[in-house]
Amino acid sequence: MSWFKPHSLLDIFFEGGLVLKGVSAAFELSAGILLLFLSSDQIKNFALLVTQKELFEDPYDLLAALVNSAASGLANGHGFAVVFLLTHAIIKFIIVFGLLRNKRWAYPFSFITLGLMLSYQFYDLYMKLTYGMFFMTLFGLFILWLIWLEYKKRIKQTVRP
């Protein structure tokens, strides 16, 4: 089969969304590999190094406190973060390349894996509502809807007499 070729505005959104998913996967893969080689102490020390000057000037600086809090949380869940990022990136790459190559198996694989990822995101939103996770979840739902539309189109093309 050939590469996906957009024919309509929705197709362009579909392709663009897949490219964004691919870029996101590349960042996740890079972060996962980087975390693989960093210890928990190195993560905390780097965050302190980056925020030290700001905290010296203003000990209650919100951004610096958030960076240190995130680094501490990441350091505490270091192993989980590495596995999560690497697994998530690999699955996204499989989805993106499968769909862009018009592979029929990629559609059900996408529904299942993205559906599971979205289920986790809904759980995460339920536990703690953040704007970042909210918009990532909306984007994921939009991509899943576009995949569904494209899948229905592909089914109609193969059923025609």
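What ranking do Val19, Val96 get, fewest neighbouring Cβ atoms within 10 angstrom at the top?
Details: Val19 12, Val96 22.
Fewest to most other Cβ atoms nearby, the residues stand as Val19, Val96.
Roughly how large, in nm² to one decimal, is the mean projection of the convex hull of the alpha-carbon atoms in region 13-53? Present the calculation step by step, with values, prior to reporting the outcome.
Values: hull surface 15.7 nm².
Quarter of the Cα hull surface area: 3.9 nm².
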## Note on the structure
For Lys152, the lysines lying under 25 Å Cα to Cα, once residues fewer than eight places off in the same chain are dropped, come out as Lys5, Lys21, Lys92, Lys103
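Given the DSSP H assignment, sum -39500 (n - 2.57) over each helix run of at least 4 residues in the chain and divide by its residue total; what's the result at 222 nm in deg cm²/dmol, nearest 500?
Values: 6 runs with 136 residues, N = 161.
Roughly -29500 deg cm²/dmol at 222 nm, from the helical runs in the chain.
Let me check against my output: what whole-number percent is the relative contact order of region 9-153, with C-alpha pairs under 8 Å and at least 6 apart? Could you put the intermediate results ahead of the total?
Numbers: 98 pairs, mean separation 45.6, N = 145.
Rounded, it is 31 percent for region 9-153.
Among Ser119, Ser24, which comes first, then next, by fewest other beta-carbon atoms within 10 Å?
Details: Ser119 10, Ser24 16.
Neighbour counts put them in this order, fewest first: Ser119, Ser24.
Would you mind working out the magnitude of the charge dipole of the chain relative to its Cα centre, with +1 at each Lys and Arg C-beta and -1 at each Asp and Glu C-beta, to the nearest 20 Debye? Mind dumping the intermediate values first?
On the way: 14 positive and 10 negative charges, 263 e Å.
Result for the chain is approximately 1260 debye, rounded to the nearest 20.
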### Per-bin percent of Cα-Cα distances, the chain [5 Å]
2, 8, 13, 17, 16, 13, 10, 7, 6, 4, 2, 1, 0, 0, 0
### Query
Could you name the aspartates and glutamates in cross-link range of Lys156, using Cα to Cα under 20 Å and dropping any fewer than eight places away on the same chain?
Asp11, Glu15
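Give me Trp105, Trp145 ranked fewest to most by other Cβ atoms within 10 Å of their Cβ, as a rough exposure proxy.
Values: Trp105 9, Trp145 14.
Listed from fewest to most nearby Cβ atoms, that is Trp105, Trp145.
FYI, it's all coordinate maths here, none of it is from the lab. Treat the numbers as computed from the prediction; the structure is a model and nothing was measured. We place every Cβ from the backbone using ideal geometry, glycine too, and count neighbours over all the protein chains shown.
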